[in-house]
Amino acid sequence: MEPGDALLEWLGGLGQEEVDDLVARRPDVTLTSKPRDLGDLARRLMHPYGVVGAFVGLPQPGRDLIEAAMGLGSGLDLDRLAEFLEPAGNDAPTHRRVVQSWWEHARSAALCWGAGRRLYVNPGLYETIGSPLWLGRPASMLAEAVTVPVLQRAMRGWADRAVQVPSRRPEVIAAVCAYLAEPDHVRRIVARAPEPVLAWITGHADSVAHLIRTVPAISFHEAPEEEEFEPSHFDRATYLAGRRALDWLTENGLILSESTYSRSATHIPAEVTRAMLPPTLRAPFRVHPPMPVTTPVDPGQAESAAAASVSDFLAAVMATLESVARTPLTQLKAGGVGARELARLAKAAAVEPTEARMAVELGYRIGLFDVTADGSIGTAPRFEQWRRLEPAERAAELLHQWFHVDVATSVDSDRGRPLPALTRQGPGWLPNPALLLDTLAGLDRDVAVVSAEEVFALAAWGSGEYERPRGDAEVTWAEAHRLGALAHRRLSRIGRALSEHRSEDIPDLLAALTDMLPAIEAHILFGSDLTVVVPGSPAAGVVDLLDAMATREARGAASTWRISADTIRGALDAGHDVDTLLEDLAALSDKPLPQAVTYLLHDVGRRYGHLEVQPAGAVLVSEDEALLAEVAATRSLHALGLRQVAPTVLAAAAPRHEVLAKLRSAGFLPRELDEHGQPAVRLSRSAVTDG
């Protein structure tokens with residue numbers, strides 16, 4: 001019976017409620033429309049797209065069981081499957097019950113089914129898992145690409161009187177599969193092979209057995225790393241021996257080849273490889289979750305550390321975004337913000353480069369940035385409203401975005417190649433904070449895990465969707481600690497609230513952040529060393545004032561700025577005046593301003609502007625004051641931007657060559673001087689004529 005026919009027979013025996021449950025487990029079958037009938041439902045259930053999604057969603061024991069069943073190939077039944085899997089209990093009956101339980105779990109998603117004692121694996125799985133359990137494809141699939149005469153010739157070559165050679169293709173394929181499904185048949189054929197052929201196929205089976213023992217079965221196998229091939233390693237004798245072995249195995253029906261002329265289309269059926277494996281070898285069957293190693297931790301200390309982390313991160317984000325508001329980011333020609341621009345931003349905001357990158361990525365995704373007319377990236381109008389929200393509200397929006405993030409916000413390179421921010425480029429994997437927090441939420445609240453890799457291993461056991469590439473665990477782990485979702489390797493109140501609620505409106509998260517973050521503070525304190533301290537989350541107006549006239553030195557539970565002559569000069573350059581600055585500072589302080597602050601501002605204000613620097617593209621000098629007055633009054637020269645800076649000196653805004661040209665055009669006879677005040681002599685090559 002074909003797998004599709006067996007599936008129809010199984011579906012026909014289900015009640016309507018059971019069919020509805022099956023469709024609920026496989027939403028892919030109703031993605032475009034409802035199935036018309038059981039035949040249409042069966043075809044959709046075998047489509048590779050939905051099959052692979054259902055497979056990777058299985059817990060580890062279910063995936064192990066399905067891969068082992070795929071490796072067994074033809075002649076699959078529950079007893080043979082239970083015998084092939086590692087024991088899941090202390091006795092055979094317990095082991096068989098566990099195997100049957102996981103088989104039924106996989107069957108509930110139509111990944112397998114049965115007809116009588118015969119079991120079938122969903123054919124759609126072979127479209128994605130090319131070599132389940134390293135054994136290769138079953139004979140039933142390989143035989144579909146082989147002509148009937150070739151299959152019949154193979155059967156006759158087995159020289160077994162019990163073998164009847166049918167004439168119709170379906171019966172031929174069924175007979176080939178049934179024969180190869182018996183390991184004794186395969187071993188009997190191999191026993192008469194020449195010694196080189198026997199050595200070759202035994203070595204092949206040993207290699208597969210080694211992979212099964214040492215490389216854990218996974219959803220999508222990757223070949224183990226091998227030494228890079230070099231011409232000096234080529235052994236012609238070994239190559240020819242392998243070709244002769246393949247030829248012998250093909251002629252004797254143990255290899256089903258699609259082509260008589262090319263060995264590139266040669267495949268060893270899974271049944272043949274399995275028959276040559278050691279009888280004691282068992283397929284992995286990991287029925288027990290790999291629990292992470294834990295250690296006790298003080299919850300109070302962990303929550304305090306989480307509060308400090310989220311407070312520091314929010315302050316860093318605010319400093320970064322406020323810096324972008326003052327100086328927009330320059331985009332790369334290919335799009336995104338490059339490493340050099342991010343480094344400049346981090347330096348300007350006095351934050352770590354990783355914090356600057358995360359702030360830019362998260363800020364962009366919550367709508368705080370706009371692209372300006374010149375192509376640079378600046379803050380959007382919403383930013384001014386957002387920065388005036390309560391600290392808990394701002395932090396909650398950032399954390400919610402990080403929890404559902406679709407980019408690795410802190411990763412700045414991939415295989416040594418720099419990754420710009422604000423692009424869809426990434427390291428080939430997506431971070432999964434939800435996976436990390438959800439897995440930790442299932443552990444005891446008063447323990448800390450030792451290794452991030454063990455947390456992801458536990459998550460991968462629960463679902464193949466969570467098999468993480470190397471490096472992902474450390475990145476997500478570090479980000480979670482930076483944002484306060486984890487602290488001291490333990491889930492915090494913040495992380496638990498994110499895990500338990502998926503919507504943006506998270507009352508528990510807001511409550512936790514309100515308790516952890518300092519309130520908005522609009523009052524300032526002065527230190528004796530010209531420092532200004534805001535003991536809390538500084539209000540937007542306080543930040544604007546202090547950023548304009550001081551340098552920020554610290555942020556977090558308290559923010560600190562330092563006033564200096566240079567910072568006051570910068571404020572005056574930006575258009576502020578001393579009296580207004582003093583009034584604004586006095587309005588934020590409950591006490592009179594320190595004498596040192598008042599003196600510094602007055603001193604800088606008194607000395608500021610006595611020396612002025614004006615732009616000039618050229619300078620006109622003449623002892624004839626009347627001539628300079630005439631030049632300045634000539635209407636055709638007004639475009640030069642002439643202004644008199646001394647009785648004998650005119651400054652021009654236009655460049656020197658333009659000034660010379662217009663003066664000469666107006667009838668004046670200027671002489672050009674070089675930077676040393678000497679006549680600029682320009683020599684030209686004389687024309688040479690042919691004699």
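One table, with the values for the structure above:
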read-out: Residues within region 80-100 that are closer than 21 Å to residue 182 by Cα, more than 36 Å from the chain's Cα centre (by Cα) and assigned to a loop (DSSP other than H, G, I, E, B), tallied; value: 0
read-out: Condition check for residue 485: modelled with pLDDT of 85 or more, closer than 30 Å to residue 63 by Cα and either surrounded by fewer than 22 Cβ atoms within 10 Å (Cβ to Cβ) or in contact with a strand residue (DSSP E or B) (Cβ under 9 Å, 6 or more places away or on another chain) (or both); value: no
read-out: Condition broken by residue 155, with the remaining ones in (1) in the same structural domain as residue 178 (by TED's automatic domain parsing); (2) closer than 15 Å to residue 2 by Cα satisfied; value: (2)
read-out: Unmet requirement for residue 590, which otherwise passes all of (1) at pLDDT 90 or above; (2) within 21 Å of residue 562 (Cα to Cα); (3) among the acidic types (Asp, Glu); value: (1)
read-out: All positions within region 379-416 that are within 18 Å of residue 328 (Cα to Cα) and in contact with an Asp or Glu (Cβ under 6 Å, 6 or more places away or on another chain); value: 380
read-out: Pick from region 583-601, criterion surrounded by 13 or more Cβ atoms within 10 Å (Cβ to Cβ) and in contact with a His (Cβ under 8 Å, 6 or more places away or on another chain), ranking: nearest to residue 654 (Cα to Cα); value: 588
read-out: Verdict on residue 545 being in a helix (DSSP H, G or I) and within 30 Å of residue 309 (Cα to Cα); value: yes
read-out: Close pairs from region 634-662: first closer than 20 Å to residue 624 by Cβ, partner of a type in the set (Lys, Arg), Cβ under 9 Å, at least 6 apart; value: 636/662; 637/662; 640/662; 650/643; 651/643; 652/643
read-out: Test for residue 685: is it on the phi < 0 side of the Ramachandran plot, assigned to a helix (DSSP H, G or I) and at pLDDT below 90; value: no
read-out: In region 342-380, residue nearest to residue 550 (Cα to Cα) [restricted to those that are among the aliphatic types (A, V, I, L, M), out of contact with any helix residue (DSSP H, G or I) (no Cβ under 8 Å at 6 or more places or on another chain) and exposed (fewer than 15 other Cβ atoms within 10 Å of the Cβ)]; value: 371
read-out: Qualifying residue in region 588-595 (condition: assigned to a helix (DSSP H, G or I), in contact with a Gly (Cβ under 9 Å, 6 or more places away or on another chain) and assigned by TED's automatic domain parsing to the domain that holds residue 550); value: yes
read-out: Hey, residue 446 surrounded by fewer than 23 Cβ atoms within 10 Å (Cβ to Cβ) and either basic (Lys, Arg) or at pLDDT 80 or above (or both) or not; value: yes
read-out: All positions within region 522-542 that are modelled with pLDDT under 85, buried (at least 17 other Cβ atoms within 10 Å of the Cβ) and in a loop (DSSP other than H, G, I, E, B); value: 536
read-out: Residue 145 being under 30 Å from residue 14 (Cα atoms) and either in contact with an Asp or Glu (Cβ under 6 Å, 6 or more places away or on another chain) or aliphatic (A, V, I, L, M) (or both); value: no
read-out: Residue ID - nearest to the chain's Cα centre (by Cα), chosen from residues in region 313-325 that are closer than 10 Å to residue 355 by Cα and not aliphatic (A, V, I, L, M); value: 313
read-out: Subset of region 10-67 [in contact (Cβ under 8 Å) with a residue 40 or more places away in the chain, under 14 Å from residue 113 (Cα atoms) and in a loop (DSSP other than H, G, I, E, B)]; value: 46
read-out: Count - residues of region 180-196 that are of a type outside the set (D, E, K, R), more than 48 Å from the chain's Cα centre (by Cα) and within 16 Å of residue 139 (Cβ to Cβ); value: 3
read-out: Test: residue 408 is outside the structural domain of residue 56 (by TED's automatic domain parsing), in contact (Cβ under 8 Å) with a residue 40 or more places away in the chain and over 24 Å from residue 506 (Cβ atoms); value: no
read-out: Condition broken by residue 388, with the remaining ones in (1) part of a loop (DSSP other than H, G, I, E, B); (2) more than 22 Å from residue 315 (Cα to Cα) satisfied; value: (2)
read-out: Answer residue from region 602-634, given it is hydrophobic (A, V, I, L, M, F, W, C) and under 10 Å from residue 648 (Cα atoms) and is surrounded by the fewest Cβ atoms within 10 Å (Cβ to Cβ) among those; value: 626
read-out: Checking residue 625 against (1) assigned by TED's automatic domain parsing to the domain that holds residue 677; (2) closer than 30 Å to residue 567 by Cα; (3) of a type in the set (Asp, Glu), the condition it does not meet; value: (2)
read-out: Search result, residues across region 68-79 that are assigned to a helix (DSSP H, G or I) and either crowded, with 20+ Cβ neighbours inside 10 Å or in contact (Cβ under 8 Å) with a residue 40 or more places away in the chain (or both); value: 68, 69, 70, 71, 72, 78
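A quick yes/no check of all residues on (1) without any contact (Cβ under 8 Å) to a residue 60 or more places away in the chain; (2) part of a helix (DSSP H, G or I):
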position: 109; (1), (2): no, no
position: 130; (1), (2): no, no
position: 141; (1), (2): yes, yes
position: 155; (1), (2): no, yes
position: 166; (1), (2): yes, no
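The values are calculated or read from the model by the stated rules, or taken from the named source; none is laboratory data. A quick note: this is a predicted structure, and the numbers were derived from the prediction, not measured. Because the Cβ atoms are built from the backbone with ideal geometry, glycine has one as well, and the counts that use them run over all protein chains shown.
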